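Visitor: The structure follows.
Rule-based calculations on the coordinates, nothing more; no lab input. Just so we're clear, the structure is a prediction, and the values are computed from it rather than from any experiment. Neighbour counts run over all protein chains shown; Cβ positions are idealised from the backbone, glycine included.
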Amino acid sequence: MSSRRTNEIEALSERLGSLQITEEASDDYEQTTTEEMSVAPAPAAVATSKNVQAGLPKNMVPDPGWFDGDQTKFEDWWRGIQLFLKSNRVLDTNDRITAILARLRGGVAGIYTQKKLDELDEELGTQDWDDFVKELKTTFSDKSKAADAEWKIETFKQGKRNTADFIIEFEALAMKADTDELHAIFLLKKNVQHNIIKTILGYPPIAMLEILKEWKMAITSVGQGYESTEG
């Protein structure tokens, strides 16, 4: 690892407070088995001076800890690291990437981190955030869960489900299956209760829906309207 990238990680560690890896922690890590390491928490988050000044509670969002490349644990870890970065107001792309790489350790995760550090050194430390997230998910997402979601979403019908609950479950499946927007709209038209879709299709041309967000909002609104009359 280059001295410049090492300095960047150390600087971010000091700013967040939670990334500081002490000599004692390092010794403990060397003695930890791969299985234990996957569940071992990283040092607890300490509120930054900005958070204290803003009156935010300390440790409002826990540090998700290390990630060792276990695909079955990636989804929960990824959700945790996103909340952690948001809570600590880490907005700069390079800082966010550095914070994530600092938590990838051991096995495939460690190899990936070194690869990314080498790439970032060659690219003068810059990378698009969306590209980084896509690569990270491609590398570590549980492929079996994605394949299962792809199959489930095709036949996921609302039936008697509450509309709001159906939309939440549909969104979760669409995210896991990486369903594109046009196909997601097609599936909603096909699998949401017929009376809800019929009502929406009866909107005047000027109010016709075009994007997925609009369809989800309209379905939820119309569905809840029908449900409220059913008692």
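Visitor: With +1 assigned to the C-beta of every Lys and Arg and -1 to the C-beta of every Asp and Glu, and no other charges, what is the dipole magnitude of the stretch 78-231 about the Cα centre in debye, to the nearest 20?
Guide: About 720 debye.
Visitor: What's the magnitude of the charge dipole for the stretch 144-229 around its Cα centre, counting Lys and Arg as +1 and Asp and Glu as -1 at the beta-carbon? Answer in Debye, nearest 20.
Guide: Around 320 debye, computed over the stretch 144-229.
Visitor: Sticking with this one: Just to verify a number: FRET efficiency for Thr72 and Ile206, C-beta to C-beta distance, R0 = 41 Å, to 0.05?
Guide: 0.25
Visitor: Further, regarding this structure: Taking amide hydrogens as modeled 1.01 Å from N in the peptide plane, which residues meet the under 5 Å criterion relative to Phe67, leaving out close sequence neighbours?
Guide: Sorted by chain and number, the residues that satisfy this are Leu104, Arg105.
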